Amino acid sequence: MSNQIIQRTICFLALLCIWGCKESDNRTTDNRKKDSIDNLVKEAAKDIAGNFSEQNSLRFSSSRLPAFFARYDSLRSFQTDLDSFYKTRNYAFAWHNESGALTEQATHLHMRLENLPEEGLNAVLPYKRTLDSLINSSGTQNISQKTETELLLTSLYFFFAQKVWGGLEESASQQVNWLMPRKKLSYSALLDSILKPGNSATVKEPLYRQYNLLKEYLKKYKALPSDNITIRLPDNKPIRPGDSSPLIVQLRKKLFLLGDLTNAADTASPVYDSITLLPAVKRFQRRHGMKEDGVAGGGMIRELNVPIQQRIEKIMVNMERNRWLPTDVRGRYLAVNIPEFVLHAYNDDSLLWNMNVVVGKDVNKTVIFAGTISQVVFSPYWHVPASILKKEILPGIAKDPDYLNKHHMERVGDGVRQKPGPWNSLGAVKFLFPNSHSIYLHDTPSKTLFQESKRAFSHGCIRVAEPKNLAMYLLREDAAWTEERITKAMESGREQYVAVKNPMPVYITYFTAWVDRQGDLNFREDIYKRDAQLANLLMKH
């Protein structure tokens, strides 16, 4: 492939994209299911006339559309979109120049369609052979054939945009309990941007940045040998620094295969040294959320032995989740990744700091949704949820009449609350973001749980390891709330609500594979068993 073609291909990857818009509607689920491209196009259609190219001499009649979709029935769902798109340009060709030759954008779209599997999809491109034939014969086509090529390219563009940029319909994401707002896209506006002359510097891909990072690793993992190197520990004895064994050669080869050991020359030694192998083991442990102790024990060996195909599936599943994310998030925000057990603070795309968290156990799953932290509550009461009251508190009272007093609790109406203090289940501070799931961030007296590598212990709310630092961060724009005052409020034993001057968006997410700031691919356990369900949905579409 020539350098010119490579450069054009790279250019197209930038051209074939634009930012999407954050969803913000309160329609019913049934109405949201109807958010097909034909609804999305209406808003943008009035703004796109004349934006594509200067040519307007090549046109086709709108009467061609019924016959086209009769032949290409699998694309019929895009008929309204396609008609709306061409109506704004008086049915002038979009993928051909004034001499009737295919534009460079058409060639690049064809290439992107050819490489659909690289997008982490199992979708089959409809009418692929026909498209290939039409593209290859474009130089000798009559006007009728050029019209067919034109309409097929546009229809398949909509197919591509829907599958790659939009992902599964919203009803599918709700099946896997993804309640975060999903981005909204106008695919016609995207097509407008692709074909508009001179806009390559301003067009961006309508996907969260993680998508393309995972896409690169998908290529790498698909290129790995399918025969997996299986490592077995004799008598389950861990491999430690200083050990010498033929098994260490296998360990080295597997770590090299996965990219943790970077030099092929270091794969032959049977000695566990501190110069080459120890950093590789720790890198693997870090990527998988393990304690970085350099000891290759049973947990690490299990992760090493996961078949490559399972890793590929996990990457594809998380690429799909990234298709759903809003791409217009700006300013400061917080994001909790449930399987990672970590809260991240961002300013635009810059990571500011991380904090360990405890999330809900499998029977009390933390909900995947978004909210806005508007209040900090110091020395809070804990109003016992009805489920906990029924399952734990009332049985405790039945066994011990002094149960409430021993646990610093008191009755309030038909409920029970725990008084502020060091015993309080919410600790010394909680952070409220109004939601229907009764979930919030809070402190905890159980500090030792943050030392665990897997931290799914709560009843659904999110416990934070550094509550005072989070309070200082949220109240940093209020000069009255100094570190000293925050400390006193946390220790006062008197409940106090404080409004956050600039409420902080918080996103509760669920990713079991991602690329970190060091460029390393991370995997985590699917603690809520969501990956397989999503993989099955992807296979059906």
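Just so it is clear, none of the values below were taken in a lab; they were calculated from the coordinates. Note that this is a predicted model, so its numbers are computed, not measured. With ideal geometry, Cβ positions are generated from the backbone for all residues, glycine too; neighbour counts draw on all protein chains shown.
Under the rule of -39500 (n - 2.57) per DSSP H run of 4 or more residues, summed and divided by the residues of the chain, what mean residue ellipticity at 222 nm is obtained, to the nearest 500 deg cm²/dmol?
Calculated at 222 nm, the ellipticity per residue is -10500 deg cm²/dmol.
Nearest 0.05, what FRET efficiency do I275 and K468 give at R0 = 51 Å with Cβ-Cβ as r? It would help to have the intermediate numbers written out before the result.
Values: r = 40 Å, r/R0 = 0.79.
The pair I275/K468 has a calculated efficiency of 0.80.
Which length gain, in nm to one decimal place, applies between S453 and D83 when the Cα-Cα distance is subtracted from 0.36 nm times their residue separation?
On the way: separation 370, 0.36 × 370 = 133.20 nm, distance 5.46 nm.
Fully extending the segment from S453 to D83 adds 127.7 nm.
Local charge sum around G120 (other residues, Cβ-Cβ under 15 Å, Lys/Arg +1, Asp/Glu -1)? Walk me through the numbers on the way to the answer.
Details: positive: R112, K163, K215, K219, K220, K222, R311, K314, R321, R323; negative: E118, E119, E205, E216, E313, E320, D531.
Around G120, the surrounding residues sum to +3.
For a footprinting-style exposure proxy, rank Y403, Y528 by other Cβ within 10 Å, fewest first.
The order, fewest Cβ neighbours first, is Y403, Y528.
Between T130 and H408, what FRET efficiency follows from the Cβ-Cβ distance if R0 is 60 Å, with the result rounded to 0.05? Could you put the intermediate results ahead of the total?
Details: r = 73 Å, r/R0 = 1.22.
My answer for the efficiency is 0.25.
State the extension gain, in nm to one decimal, for the chain segment bounded by S244 and D349, taking 0.36 nm per residue of separation less the distance between their alpha-carbons. List each step's numbers first, then the result.
On the way: separation 105, 0.36 × 105 = 37.80 nm, distance 4.46 nm.
Taking S244 through D349 to full extension adds about 33.3 nm, to one decimal.
With Cα Rg over 2.2 N^0.38 Å in mind, check (1) 0.90; (2) 1.16; (3) 0.98 and report the label derived from this structure.
(2)
Among residues other than T444 whose Cβ falls under 15 Å from its Cβ, what is the net charge (Lys/Arg +1, Asp/Glu -1)?
With Lys, Arg at +1 and Asp, Glu at -1, the neighbours total +3.
How would the stretch 317-382 be classified by its alpha-carbon gyration tensor: rounded, prolate or oblate, with rounded meaning a/c under 1.5 and the a/b versus b/c comparison settling the rest?
Oblate is the answer for the stretch 317-382, as a/c is 1.5 or above yet b/c matches or exceeds a/b.
What is the fewest-to-most order of T147, T262, T366, T372 by other Cβ atoms lying within 10 Å of their Cβ?
T262, T372, T147, T366
Based on other C-beta atoms within 10 Å, arrange M539, M319, M180 from fewest to most.
Details: M539 11, M319 26, M180 20.
In order of increasing Cβ crowding within 10 Å: M539, M180, M319.
Express in nm, to one decimal, how much length is gained between S62 and S492 on full extension, taking 0.36 nm for each residue of separation and deducting their alpha carbon distance.
That pair, S62 and S492, stretches by 147.4 nm at full extension.
Sum up the charges of everything whose Cβ sits under 14 Å from the Cβ of P420, counting Lys and Arg as +1 and Asp and Glu as -1, but leave P420 out.
+1
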